[in-house]
Every structure is written in structure tokens, then in C-alpha cells.
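Worksheet: the structure to be examined is printed underneath.
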Amino acid sequence: VNELASMMDVPVTNIIATCMGLGLFVSINQRLDAETIAIVADEFNYKAEFVSVELQESIEEEIDKEEDLLDRPPIVTVMGHVDHGKTSLLDYIRHANVIGGEAGGITQHIGAYNVALEDGRKITFLDTPGHEAFTAMRARGAQVTDIAIIIIAADDNVMPQTIEAINHASAAGVPIIFAINKIDKPGADPERIKGALANMNYLVEDWGGKYQCQEISAKNGVNIEDLLEKVLLEAELLELKANPNKRAIGSVVESSLDKGRGYVTTLLVQAGTLKVGDILLAGSYTGHVKAMFNERGNRIEAVGPSEPALILGLNGAPQAGDNFNVLESEKDARGIANKREQLQREQGLRTQKHITLDEIGRRIAIGNFQELNVIVKGDVDGSIEALSDSLIKLSTEEIQVNIIHKAVGQISESDVMLATASNAIIVGFQVRPSIGARKLAEKEAIDIRLYSIIYDAIEELKSAMEGMLSPEI
Ligand code: GDP
């Protein structure tokens, strides 16, 4: 606050007053987030330009030349309704390692594993199935999944969590492959599932659409190889590449404290090569990589792009979805870790980091806001459809309204997580948030608006987009 005041040469009390106008109660030494700085600067007729000094000066990014980029395996997440077979599919692939045929298959659960096909092509699976884990990682800044397999039981239907999974994958822009499971069961009707998907505008290939789809039995291992072929086909289209010859960067998959070994952390390398002895910065923790293991429990010396490894040596447990970097200097790593910790503490006190209705008008006015993502929850299908359609129609040349998820039911934690990951607001029509959702929304500063009249919802959003909304006190 103080720094901003002196940069713009205005009394610090004016900055504090402006923040108060935004509903933020700040002190002189408080650190403001980028959005707030942009808005406050705009109030004083300045335009804020952000140059990342602190972090990027120390984490020197190595620029890849075109010829440095080599093919890397796809990273896949399995999502779907409970009991439709996510775990069975992951377990089958893990144990069989389908054609790779390495003796014993994969023995350890480290949160991710890599399988090789006979011809050497590889696929990495994230071993925490479900869209909740996927979106939670995304909310922390990790976009690790390249392809989502949405699994649907053929003896059941497209269920609410199937739709959620589809919407969570779509909101992340991750391509989807459908796996229609349990085809061995009496009463299995894959065509009915394809019909239900078609009704949602997800037309599968053999119905003339663009979505790849494979009928499988996860339990009996039927057609799993075909499914993996489809994953690799999709991956080819994505032209996934990374430079293996640089210091590693990637994401934390999971981390815990082991009594004998200290902090054990599974990392997924996204580019570069991670080696034993490297100086590591993960979230706000640091350390040397003391030892590395693969999912087969073997000690390894190095891991490349799209490969997971369990590492020992960090001085704490970072969260799933935190990014990691390898640095040249231990001192730099510590310095950044400390700075991040300090930021985290301050962010804990900070009130806003996501879009709110009150802010939309200003953000549009300063021109850094083009898309408004909305999640619509309601009591019945009819009103959800009507409301969603009307909200989309509010789109203007300047701003596009996207309904990234809509469903019947109360506002859940998963909705709030999706809003966090996709910077969305949540509109509830004749429904309320669960206690857990309300708490999470408070923590993440997600704007939840509840309405009982459709007209009110539309009018309020419209005014917000026109910058006419008076701030809620
Ligand atoms: P998840 O909740 O999505 O992880 O589902 P699970 O993998 O735990 O599967 C739920 C139940 O369905 C378990 O009892 C599995 O044995 C069963 N199941 C999974 N796949 C198949 C299949 O292909 N055929 C049959 N008959 N049962 C299956």
C-alpha cells in the first residue's frame, strides 16, 4: 500500500480509502494482489504494468529452441461417477502394465505411474482419479493433465458426477475420451450411453461425432489396449513436446511425512530432467534431492518429461498442484521459499483474489477482462436452462459470458473448487451452498450469488457488467 502510494505520488490514506471503497480493509504495509493494484492504479489514472521481478529474476527460465523440443508421453486423468470403474481401470493398467510386460508390474502407489507399450510408447496416469483431485490441482496452478478419460458404466447412466467430470475437463480445455465400462454385465447398453452423450452435444465417433469412445471392461481387462491406443492417437494430435535437457520444472502430485524417511514427495516432471542431488524448490519448501524412486520401488538417478518420481529430501510437504523448480543456488531457493511463505501468510489475510460481481464493471472498464465464467446451480432443470440461456445472451462485444458448469442440486465444494480453478462466480437459483462449500468459498474468496427470481439474477448480472452495481456492504 505504501509503495503504491509513493509510486503514484498520492497520500497513502487515499489508497486506503480507495481500497475501502472496494470492500478491502488494508493497512499501510499490506501487500496488494495484482488485480487490486490494477484497479487502484486506474482510480488514480495510472495503468499498472506487471513485470515479475521477485520470482523470475531468481528462477531464470531457460528458453527452449525448436530443435530442443522432443516428444513426451501424454499425462492422463481418469474421471467419472462413483462406482463406474475409475479405480478398477487404473488398477488393471497398473498391474498388467498391459503390453510392457515388465515383471511384477507396478507395486507402489506414489500418485502417478508410467506404462510402456510394446513398441516403447509411454503413457503417464495420475493415480488419484476423479475431477475433484484434478480441479484441486488446477486451483493451485497446476495444469498437468493432457487428456481426460471419462468412464461411464454401461449398465448405468450418464450420472450427475459424469456431467461434472465432463464440465471440469472442458473448463480446463482438456480433451476427453469416453470409456464405456462394464460391457460384460448383463443389462449393459453402450448405445444408450452414447445416446445420452449425444443429447448433451458430446457426439462420439461412431455416431459421427469427434469424441473418441471405447467400450471396455475394466475388471476383466477387455479392450484396454484399444483404449490406450486411442489415448495415444489423441496425444499425437496434441503434439506434446518438452525439452529434456534443462533443469526440471513440474508439479507436486502428493506429499507426506514418513516416519523413517522424512518428507516423501511425488513429483511429475513437465520439462527438463530431474536428477539426484538437484536443488529443489517446491511450493514454499526446499531441499536437495537425496534419493529418487520410481513406481516400481526402484532407485533411479534421473527422470525426464511426463515421468513421475518419488523423491526424498524436501524440508516440508508441499501441496498437490504446487509447482516445483530446480535451481542452481541453494541460497536463491531458500530466499524464494521464504518469500512465498510470507506471501501465503499475507494472502491468508487478504480478502479478494477472484472475480466478484462488484468488480466486473471496473475490470471491463480497464480492459483486462474478456470472459465471465459462471457456474449455475438450481433446483430444477427448466429454470437452470432458462437462466443459463439468458446469462449467455448478456454477452457483449467486450465480454463473453460462459456457463462452465450447470446442474441441479445444492452448491458443493466441488463447484467452489471449479470456480477457484477457472476464476468463476457461482449463481444459485432456489438452492444454497453446503456448509463445506460456504467455508471453502469464504477461504478462496469466491462470489456466490443466490436468487429466487430468475429476472433478479439476470438484472444483477447485467448491471454488474455495465459497471452499475453498487458494492455490497
Ligand atoms: P470407482 O468408484 O469409479 O473407482 O469404481 P470402482 O473401480 O471402485 O468400481 C466399482 C465397482 O464396479 C467394483 O465393485 C468393481 O469391481 C466393479 N467394476 C468395475 N469395472 C467393472 C467391469 O468392467 N465389469 C464389472 N462387472 N464390474 C466392474
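Here are the numbers for the structure shown:
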read-out: Surrounding net charge for GLY316, when Lys and Arg each add one and Asp and Glu each subtract one, Cβ distance under 11 Å; value: -2
read-out: Beta bridges by DSSP in the chain, antiparallel share as percent, to the nearest 5; value: 50 percent
read-out: Theoretical FRET efficiency, 1/(1+(r/R0)^6), r = Cβ-Cβ of GLN410 and LYS246, R0 41 Å, to 0.05; value: 0.30
read-out: Mean Cβ neighbour count within 10 Å, used as a protection proxy, ranking 243-250, 434-441, 393-400 highest first; value: 243-250, 434-441, 393-400
read-out: Contour excess over end-to-end distance, with Cα ends at PHE44 and THR396 and 0.36 nm allotted per residue; value: 124.0 nm
read-out: Local net charge near ALA148, Cβ-Cβ under 14 Å (Lys/Arg +1, Asp/Glu -1); value: -1
read-out: GluC sites (Glu not before Pro) within region 296-344: DSSP coil, no more than 16 neighbouring Cβ in 10 Å; value: GLU301, GLU328
read-out: C-alpha center-to-center spacing [region 302-342, region 384-452] in angstrom; value: 34 Å
read-out: Part-to-part distance (alpha-carbon centres) for region 59-93 and region 256-278, which is given in Å; value: 18 Å
read-out: Set LYS219/LYS377; LYS86/LYS122; LYS65/LYS230; LYS246/LYS290; LYS241/LYS406; LYS219/LYS406 screened for pairs whose C-alpha atoms are more than 23 Å apart; value: LYS219/LYS377; LYS65/LYS230; LYS241/LYS406; LYS219/LYS406
read-out: Residue-wise HN-Hα coupling along region 396-404, computed from phi with Karplus coefficients 6.51, -1.76, 1.60 (Hz; x: Gly, Pro); value: 10, 5, 7, 9, 9, 8, 10, 8, 7
read-out: Helix-only mean residue ellipticity at 222 nm for the chain, each DSSP H run of n ≥ 4 adding -39500 (n - 2.57), per residue, nearest 500; value: -10500 deg cm²/dmol
read-out: Cα-projected label distance for LYS290 with MET200, points at 7 Å along beta-carbon direction, nm; value: 4.6 nm
read-out: Overall Cα dimensions of region 89-213, principal axis frame, Å, largest first; value: 42, 39, 24
read-out: Relative contact order (%) - criterion: Cα under 8 Å, at least six apart; region: region 75-203; value: 28 percent
read-out: Within-14-Å neighbourhood charge of LEU203 [Cβ basis; K, R +1; D, E -1]; value: -1
read-out: LEU450 long-range amide H proximity, modeled H, under 5 Å; value: GLY428
read-out: Mean separation of Cα contacts under 8 Å, 6 or more apart, over the residue count of the chain: relative contact order %; value: 13 percent
read-out: Nitroxide proxy distance, nm - points 7 Å out along Cα→Cβ at VAL82 and TYR455; value: 4.0 nm
read-out: With at most 11 neighbouring Cβ atoms within 10 Å, loop chymotrypsin sites (Phe, Trp or Tyr not before Pro) (DSSP) excluded, longest segment of the chain; value: 51-473
read-out: Per-bin percent of Cα-Cα distances, the chain [20 Å]; value: 22, 52, 26, 1
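Each reported figure results from applying straightforward, stated rules to the coordinates on display, with no laboratory input. These numbers come from a predicted model, not from an experiment. Positions of Cβ are generated from backbone atoms using ideal geometry, with glycine treated the same way; all protein chains shown enter the neighbour counts.
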